[in-house]
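Would you mind keeping the following structure in view while I ask a few things?
The values are calculated or read from the model by the stated rules, or taken from the named source; none is laboratory data. Everything numeric here is computed off the predicted structure, so don't read it as measured data. Note that we place each Cβ from the backbone using ideal geometry, even for glycine, and neighbour counts take in every protein chain shown. Ligands, DNA and RNA are excluded from the accessible area calculation, which covers all protein heavy atoms including side chains. Shrake-Rupley method; radii C 1.70, N 1.55, O 1.52, S 1.80 Å.
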Amino acid sequence: MSKTYLIAARRSPVVPRNGAFAHLSIEELAKPVLLAALNDAGVSPTDVGELIVSNALGAGGNPARIVALNAGLPDRVAGLSIDRQCAGGLDALISADAMIRSGQHHIVVAGGVESYSRRPLRYQTFADGRDPVPYDQARFTPWADRDPDMAAAADQLARKLGISKTEQDAWAVESHAKALGGEHPEIVPIGETIGDTFTRNLSVRLCEKAPVVAGSITAANMAVAADGAGFVVLASEEFVADHGIDAVEFVAGKTLGDDPVLPGIAPVKAINAVLDMANVKVGDLISAEIMEAFAVQAIACQQGAKLPVEIVNRYGGALAWGHPIGASGAILAARLFHQLLRTKGTGVAAIASAGGLGSAVVLRSD
């Protein structure tokens, strides 16, 4: 079977909602990132076979088609929109890999874009004539008692695994410190915003003053809602060979469901499964990009998958910039791609999603 390669990957700065990107539609946020990735790859828009876009908070329809047309892709690029909430950005890459391996396309652009600032208002309606009720979190299971608020679920995970608030706050402080001290070559400036605007000198003292959200979960040890985009250009083995491109191999990807009551731990099964698929041992990894929707989630995944802590989120994580839901997985992949271009080896990216889902991909550069 032929191989799939990542040949370029870019992301926008991530900005908390109602910030510098509040005036941008998702297609305006996506366009410069998508075009920068194509330019890096030396790929013309006319070479693109398909565009897969993860979007979790939009108003339905087909956001990928809107993004494709606004970015100037050919009319024949239909655009495929997916919604697996937080996992969607990585799942877009997994779907792109399947398309390329099956021979449908030589070039697929995959990623995600999210605007918390511009998300539509949503209301639940009732057949008995009651007034509609606004809601922010969609249903993720058919059972009200097994469909927790995400912050409450994170606190339950912390209590179940014995992960203290002190440990969570320490992880958050380190995430910001690593982000401030690291390089972020994957970022595409948008307007006057050239980097992540939320990253700061977080301290334990500031963590202690942060508002409590649920139990041990506070505004300091959970990711802020944000706007952002990330896109990856994936290519067939034939295309890479013909063009002599410096590329990173997409080795394997896997999405699995787990207990919906504890969604934060779901990536552990996905990581273990994808490492088995790739015939890779934890000791072979040089980098792991693990989503930090909550500090406890990242800690639980690092410990559960037995990942060496020193290879996890080497340059910070989502606690230091924010969580643009549908784009977050693609942002992890873009960050891992650039690390593997600099240092040859194997890496993993993983993310949890509401409903008890975990997605993970293994990438490798030689």
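Taking +1 at the Cβ of each Lys and Arg and -1 at the Cβ of each Asp and Glu, which of Leu38, Gly103, Ser353 sits farthest along the dipole of the chain towards its positive end, judged by Cα position relative to the Cα centre?
Checking the options against the dipole of the chain, the answer is Ser353.
Please report, in debye to the nearest 20, how large the charge dipole of the chain is about its Cα centre when each Lys and Arg carries +1 at its beta carbon and each Asp and Glu carries -1 there. Don't skip to the end; give the middle numbers.
Values: 31 positive and 39 negative charges, 100 e Å.
My answer is approximately 480 debye.
With θ taken as phi - 60° and the coefficients 6.51, -1.76 and 1.60, list the Karplus ³J(HN,Hα) couplings across the stretch 10-15 in order, rounded to whole Hz; mark glycine and proline as x.
9, 9, 7, x, 9, 10
While we're looking at this one, here's another question. Compute, for the stretch 207-366, the length of the dipole vector about the Cα centre, with Cβ point charges of +1 (Lys, Arg) and -1 (Asp, Glu) only. Units Debye, rounded to 20. Walk me through the numbers on the way to the answer.
Numbers: 10 positive and 15 negative charges, 83 e Å.
Using Cβ point charges on Lys, Arg, Asp and Glu, the stretch 207-366 gives about 400 debye.
Would you compute the Debye intensity of the stretch 162-220 from its alpha-carbon atoms alone, equal scatterers and no solvent, and pass along log10 I(q)/I(0) at q = 0.21, 0.29 Å⁻¹ to two decimals?
So the normalised log intensities work out to -0.83, -1.18.
If you average over every viewing direction, what projected area does the convex hull of the Cα atoms of the stretch 242-366 give, in nm²? Working shown, then result.
Details: hull surface 30.5 nm².
Reported value for the Cα convex hull: 7.6 nm².
On full extension of the chain, what length is gained from Arg101 through Ala127, given 0.36 nm per residue of separation minus the C-alpha to C-alpha distance?
On the way: separation 26, 0.36 × 26 = 9.36 nm, distance 4.68 nm.
Extra length available between Arg101 and Ala127 comes to 4.7 nm.
Tell me the per residue accessible area of the chain using a 1.4 Å probe; a whole number in Å² is fine.
Accessible area per residue, the chain: 40 Å².
Per the 1.4 Å probe, what fraction of the accessible area of the stretch 1-124, in percent, lies on carbon and sulfur atoms? Could the numbers behind the result be given before it?
Values: 2300 of 4770 Å².
Roughly 48 percent, rounded to a whole number.
May I pose another question? Let me know the Rg and Dmax you get for the chain when you use only its Cα atoms, in Å.
19.3, 64
What lysines could a cross-link reach from Lys165, if we take a straight Cα to Cα line under 28 Å and drop same-chain neighbours fewer than 8 places away?
Straight-distance partners of Lys165: Lys178, Lys209, Lys269, Lys306.
Once you wrap a convex hull around the alpha carbon atoms of the stretch 126-227, what is its projected area averaged over all directions, in nm²? Mind dumping the intermediate values first?
Values: hull surface 42.0 nm².
The orientation-averaged projected area of the Cα hull of the stretch 126-227 comes to 10.5 nm².
Also: Work from the charge dipole of the stretch 139-273 (Cβ charges, +1 for Lys and Arg, -1 for Asp and Glu, about the Cα centre) and give the residue of Gly182, Gln168, Ser236 farthest towards its positive end.
Gln168
Determine, at each q value in 0.15, 0.20, 0.21 (inverse angstroms), the log₁₀ of I(q)/I(0) that the Debye formula gives when each Cα of the stretch 177-265 is one equal point scatterer.
Cα-only, vacuum Debye calculation for the stretch 177-265: -0.99, -1.16, -1.17.
How would you rank 187-193, 130-136, 84-90, highest first, on the average number of other Cβ atoms within 10 Å across their residues? Present the calculation step by step, with values, prior to reporting the outcome.
Working: 187-193: 15.7, 130-136: 9.3, 84-90: 31.4.
The packing order, highest mean first, is 84-90, 187-193, 130-136.
Could you list, bin by bin from short to long, the percent of Cα-Cα pairs of the stretch 27-131 in 5 Å steps?
Calculated P(r), rounded to whole percents: 2, 13, 21, 23, 17, 9, 5, 4, 3, 2, 1, 0.
Over the stretch 223-282, with a single point scatterer placed on each C-alpha, what log10 of the ratio I(q)/I(0) does the Debye formula yield at q = 0.21 1/Å?
Listed by q, the Debye log ratios stand at -0.98.
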